[in-house]
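The values are calculated or read from the model by the stated rules, or taken from the named source; none is laboratory data. Values in this document were obtained by computation on a predicted structure and should not be read as measured data. All Cβ positions, glycine included, derive from the backbone under ideal geometry; neighbour counts span all protein chains shown. Just so you know, the surface numbers come from the protein's heavy atoms only, side chains and all, with ligands and any DNA or RNA stripped out. Shrake-Rupley method; radii C 1.70, N 1.55, O 1.52, S 1.80 Å.
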Amino acid sequence: MRTARFAATRFAGMLLVLLVVAFVTFVVFYVLPADPARMACGRPCSPESLALAREFMGYDVPWYQQFLDFLGGIFGGRTFGTGAAAIHCTAPCFGYDFQNNVDVLGEIGSRVGVSFSVALGAAAIWIVAGVGLGVLSALRRGTAVDRVTMAAAMAGVSMPAYLAGMIGITIFAFALDVVPKNGYVPLTEDPAQWAWHLVLPWFVLAFLHAAIYARLTRGQMLETLGEDYIRTAWAKGLTERKVVGRHALRNVLLPVVTVFGVDLGSLLAGTVITERIFGMAGVGRLLVDAISSLNLPVLLGVTLFSALLVTVLNFLVDLCYGALDPRARLV
C-alpha cells in the first residue's frame, strides 16, 4: 500500500512537471520573433498568402488557444486546415513540420533509434566501468591504482565532448583504421555493422561519463566505509566481498542512480555533439537542423520529447530509490 502511494505521488508529480514544461516551452517559442507561417509560406509571400498560412497552421488565434489546441492534439490528434487540403495529425500529435510536410513525432521517431542506440550502449559501458573503478579506487585508496584511476577520471571530467570525439576519430579511425569514421547502420539491417559503427561513439561517451561516476562512487564509498555499521560488519569477520557488495554498495548506489537517470534521459533525447562528429542522423542532429532553419514546430516537439524522457526516467529513478532505500517511500 505504501509503495503504491509512493508511486502514485511520484507519477502525479511527473505529470505536473510535464505540464509546466509544456506551458513554459510553448510560451518561450511563442514570443520568439520567428514566424513559422512566414517560414512555410516562402518567398515572395503576400500578406494574403501569409494570412491564409497562419489560418491553416492555427496561428491566427490567441496564444492560449494555440496552447490548448496543442495539448488537445497530444491526447486526441489534430487537423490543420479544412477541406481537401486538410492535414490530420494522429494522437499523440506533437505538432506538424510544414517545412518538410511530416508530423513532428514521426520525424522524431525516424531518428530516435540512432540516439537510443548511442545512449544505451554508452550508458551500459560507463555505469559498469565508472562504478567498478570507483569502488576499486576507494578500496585501494592511496595506492597506484587509486592515483591512476583518479588521474584518468580527472582527464575525462575536464575534456570537452567534441575534443574527445576528434581525438578518438584521429587515433582509431584515421591513424589505426580499426573502426569506421562515421555513419550508422540500423540494427535490423545488420547487427554486426550496427555495433561496429557504434563502438567508437560508445567508448568516447563512456569515457567522459565514467570519469564522473568513478569520482562520485569513490567519494561515496569512502564515506560509507567509515560508517559504524560497516565497521561492525568488519568486526564480525565478514569478507571484503560481502561487506562491500551486501552492505556498502547499496548505499553508494543511491546518488549514482539519481545522476544516472538524469544523464541517460539527456542522452536519449539526443547527443548533439556526438551525432554531429560521427555523422549520425539522430534526434540531436534533428534539433540542430531545426535551429538552423528556425523550424519552431520541430524545436517545440523535440524539447517536449526530451522533457518527457527526462521526467519518465526520473520517475523510474524515484521508484528505484524507494527499492534501494525504503525510507524514501515515506517522503
Taking Ser137, is it closer than 24 Å to Ala307 by Cα and touching a Ser or Thr at 6+ places or on another chain (Cβ under 8 Å)? no
Here the residues within the stretch 141-198 that are open to solvent by less than 50 Å² (accessible area, probe 1.4 Å), over 20 Å from Gly284 (Cα atoms) and among the β-branched types (Val, Ile, Thr) are Thr149, Val179
Within the stretch 160-183, tally of residues that are within 21 Å of the chain's Cα centre (by Cα) and either modelled with pLDDT of 90 or more or assigned to a helix (DSSP H, G or I) (or both): 5
Hey, does the stretch 264-274 have a residue that's more than 27 Å from Tyr321 (Cα to Cα) and in contact (Cβ under 8 Å) with a residue 24 or more places away in the chain? yes
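Matching residues to (1) open to solvent by less than 70 Å² (accessible area, probe 1.4 Å); (2) not in a helix (DSSP H, G or I):
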site: Ala7; (1), (2): yes, no
site: Arg10; (1), (2): yes, no
site: Val20; (1), (2): no, no
site: Val24; (1), (2): no, no
site: Ala34; (1), (2): yes, yes
site: Arg38; (1), (2): no, no
site: Leu50; (1), (2): yes, no
site: Gln66; (1), (2): yes, no
site: Asp69; (1), (2): yes, no
Let me spell it out: the conditions are (1) in contact with a Lys or Arg (Cβ under 7 Å, 6 or more places away or on another chain); (2) crowded, with 19+ Cβ neighbours inside 10 Å; (3) modelled with pLDDT of 80 or more, and Arg276 meets all of them except one. Which number is the exception? (2)
With the checklist (1) over 11 Å from the mean Cα position of the chain (by Cα); (2) buried (at least 18 other Cβ atoms within 10 Å of the Cβ) in hand, flag the one item Leu313 doesn't pass. (1)
In the stretch 243-270, what count of residues is obtained for those that are closer than 30 Å to Leu200 by Cα and open to solvent by less than 10 Å² (accessible area, probe 1.4 Å)? 4
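For residues that are assigned to a helix (DSSP H, G or I) and open to solvent by less than 20 Å² (accessible area, probe 1.4 Å), scanning just the stretch 87-116, find the one that is nearest to Asp190 (Cα to Cα). Can you show your working first?
Here is the first cut: in the stretch 87-116, the ones assigned to a helix (DSSP H, G or I) are 104-116.
Now drop any that are not open to solvent by less than 20 Å² (accessible area, probe 1.4 Å), which leaves 104, 108, 114-115.
On the way: Val104: 27, Ile108: 22, Val114: 14, Ser115: 17 Å.
Among those that are assigned to a helix (DSSP H, G or I) and open to solvent by less than 20 Å² (accessible area, probe 1.4 Å), it is Val114.
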Does the stretch 309-325 contain any residue that is closer than 19 Å to Gly106 by Cα, modelled with pLDDT under 85 and hydrophobic (A, V, I, L, M, F, W, C)? no
